[in-house]
Amino acid sequence: MKRRIFTVICLLSLFTVLLSSSLFFGVAYREFYLSKQQELQNEMVLIKAGFAQDGITYLQTLQSVPERNRLNRITLINAAGVVLFDNYETASAMENHLDRPEIISALQNGSGEAVRISSTLHQQTYYYAERLSDGTVLRIAMITASIWVALLNFLPWMLLVIILVIALDFWLAHYETQKIIQPINSINLKEPLENDIYDEFAPLLLRIEQQNREIAAKMAELSQTRLEFLTITENMSNGLILLNQKEEILTVNCSACKLLNLKADQTIGRKLLTLNRSLVLQNLLLKAEQGMITEDILHQNQHSYQLLAHPVLNNGKLQGIVLLILDITEQQATEQIRREFAANVSHELKTPLQSISGYAEIISNHLVKPEDIPEFIDRIYREARRLIVLVDDIMQISRLDENKTSLTEEPVDLFLLTQDILQRLQPQALAKQITVELQGESAKLLGIKQILDEMIYNLCDNAIKYNKQGGRVDVRINRLPDALRLQVIDTGIGIAPEDQERVFERFYRVDKSHSQKVGGTGLGLSIVKHGARYHHAKLELQSIPNQGTTVILTFPLANKINL
């Protein structure tokens with residue numbers, strides 16, 4: 001600030017001096033110029049008087065003056081522009097002057113003047129001309145450079161004055177700067193309102209006082225924020241570690257200690273790599289030190305952890321590293337299920353497509369007797385239908401899995417819906433001589449009818465498919481105080497205990513040989529599971545091998561409509 005004040009005062013003073021000098025020279029030049037013009041016009045009066053008495057002889061006497069003493073140039077021009085006399089040049093050698101502005105003006109108006117570069121003197125010249133009584137024109141010329149010569153005589157004195165003024169300005173600027181800065185340097189910033197200083201500084205001192213209060217409030221807020229930060233980080237399910245530029249631990253939460261098997265009281269201030277020497281962590285921190293945001297997977301203690309390292313940079317220099325640790329063991333297991341699902345889908349789609357392609361190729365190559373073609377076409381039709389059903393089931397599973405459906409919820413009567421489904425399944429039940437019975441009462445809930453239809457259809461269809469010849473299927477629908485319950489009970493082959501947890505997985509089959517005989521896509525129970533989750537229903541399975549299976553769907557009261 002001191003340097004700035006000093007510089008401003010000096011520059012202002014210097015600018016003032018230079019501006020004053022420039023104005024002085026400008027005004028002086030104008031005054032000299034006007035005085036020279038007047039002098040030239042006065043001289044014109046004297047020369048005209050002499051010329052009137054002695055004519056050109058008078059002018060010739062002026063030519064006899066030594067050239068060094070001649071101040072002005074005198075020229076006599078006739079009305080045709082021919083030079084009759086010039087005290088600097090031979091008149092006969094000079095060109096016609098009828099086109100000169102001052103000559104034209106003098107011939108027309110009696111007098112004229114002009115400023116231009118002289119073609120003979122090659123300097124800027126001021127010309128003044130008057131028409132005489134005999135029609136000739138008398139012109140006097142003055143070189144304007146003579147004005148500057150006169151002004152330059154003042155220059156040394158002006159420079160001396162400027163130097164003295166600038167020196168005085170520098171001294172005064174230094175003195176005043178010290179005088180201004182000294183009270184500012186002695187301000188008590190802790191108690192700004194107790195300072196005795198310029199009145200102009202009162203707003204500043206008030207602002208400092210206000211800022212002191214704001215800083216105190218911010219410090220309290222910062223302490224509260226730090227406490228909240230520690231509370232949040234300590235309760236995070238993900239691990240969080242803050243490192244400085246030397247990879248020393250500044251902060252670590254409980255989750256990070258638990259995930260990496262660290263002891264919180266032995267981590268602060270220690271290098272992270274001394275506590276965990278895994279190659280994955282080493283490479284991650286190395287890339288973070290180079291300023292790259294990076295991530296990797298660490299496999300440890302039968303768990304998978306996703307590590308994300310984010311460097312903290314300031315002007316391109318590393319200040320620290322934020323390390324986030326996420327337990328993705330379940331996520332990777334889900335991803336594995338998805339991969340298996342994709343593989344199963346490919347396999348399940350490939351089988352009917354190969355059958356359709358094979359039958360079509362046999363027909364196209366005329367390898368089938370004409371009377372057998374209808375049978376082959378029927379097989380192609382059945383495989384195509386199987387393919388369509390499979391694709392529909394896969395799409396339905398995907399929509400339910402993502403909880404996305406374009407269908408709208410509506411009141412659905414489970415009893416009437418189940419009654420309609422059992423009528424559709426009656427041919428399959430009659431083919432295996434299975435008795436199907438529906439028990440219960442009207443029970444309405446708010447749901448998507450198509451999804452509920454597929455859920456109940458798959459349960460009842462499986463109860464018939466995997467039943468014994470001459471078996472029985474009972475479907476019961478009951479109202480409970482806080483829910484609606486649907487039970488599908490069969491006397492079929494049952495499910496082994498080790499398979500009961502997996503039967504709702506996609507494409508999982510308990511008995512593959514039996515499943516191939518009865519058909520199906522392997523997605524029926526998976527659709528039931530996802531449909532139940534969509535409707536927030538509880539799904540239960542009870543089964544004893546060779547005795548039967550019971551599947552129970554319990555819909556919560558929130559989905560029930562009392563009508």
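Just give me the residues in segment 228-261 being outside any helix (DSSP H, G or I), of a type in the set (S, T, Y) and at pLDDT below 70, in sequence order. Full working, then the answer.
Initial filter on segment 228-261 (outside any helix (DSSP H, G or I)): 235-253, 260-261.
Retained after the next criterion (residues that are of a type in the set (S, T, Y)): 237, 251.
Listed by number, the list holds a single entry, S237.
Quick check on segment 529-551: of everything there that is assigned to a strand (DSSP E or B) and of a type in the set (D, E, K, R), which residue is nearest to N458 (Cα to Cα)?
Of the residues in segment 529-551, the ones assigned to a strand (DSSP E or B) are 538-544, 548-551.
So of that shortlist, the ones also of a type in the set (D, E, K, R) come out as 538, 540.
Details: K538: 17, E540: 15 Å.
Residue satisfying both the conditions and the ranking: E540.
How many residues does segment 313-340 contain that are modelled with pLDDT of 80 or more and either assigned to a helix (DSSP H, G or I) or surrounded by fewer than 16 Cβ atoms within 10 Å (Cβ to Cβ) (or both)?
The qualifying residues number 5.
Does any residue of segment 121-140 turn out to be modelled with pLDDT under 70 and not small (G, A, S)?
So the first thing to find is which residues in segment 121-140 are modelled with pLDDT under 70, and the list is 121-122.
Okay, now just the ones that are also not small (G, A, S), so 121-122.
Yes, the conditions are met somewhere in segment 121-140.
Restricting to segment 62-72, name every residue that is loosely packed, with under 11 Cβ neighbours inside 10 Å and at pLDDT 60 or above.
Kept after step one, since they are loosely packed, with under 11 Cβ neighbours inside 10 Å, are these residues of segment 62-72: 64, 66-69.
Listed by number, the residues that qualify are S64, P66.
Where the second residue is part of a strand (DSSP E or B) and of a type in the set (A, V, I, L, M) and the first is over 11 Å from V322 (Cα atoms) and lies in segment 241-254, which pairs have Cβ atoms under 6 Å and are six or more apart or on separate chains?
Close Cβ pairs (under 6 Å, with a partner that is part of a strand (DSSP E or B) and of a type in the set (A, V, I, L, M)) amount to N253/L240.
Output the residue which, of all residues in segment 101-137 that are touching a Lys or Arg at 6+ places or on another chain (Cβ under 8 Å) and assigned to a loop (DSSP other than H, G, I, E, B), is surrounded by the fewest Cβ atoms within 10 Å (Cβ to Cβ).
Taking the candidates together, the pick is G110.
Name the one entry in Y534, Y508 that is modelled with pLDDT under 70 and within 53 Å of the chain's Cα centre (by Cα).
None of the other options fit; the residue is Y508.
The values are calculated or read from the model by the stated rules, or taken from the named source; none is laboratory data. Everything quoted here is computed from the prediction, not taken from an experiment. Counting neighbours? That spans all protein chains shown, and the Cβs are built from the backbone with ideal geometry, glycine included.
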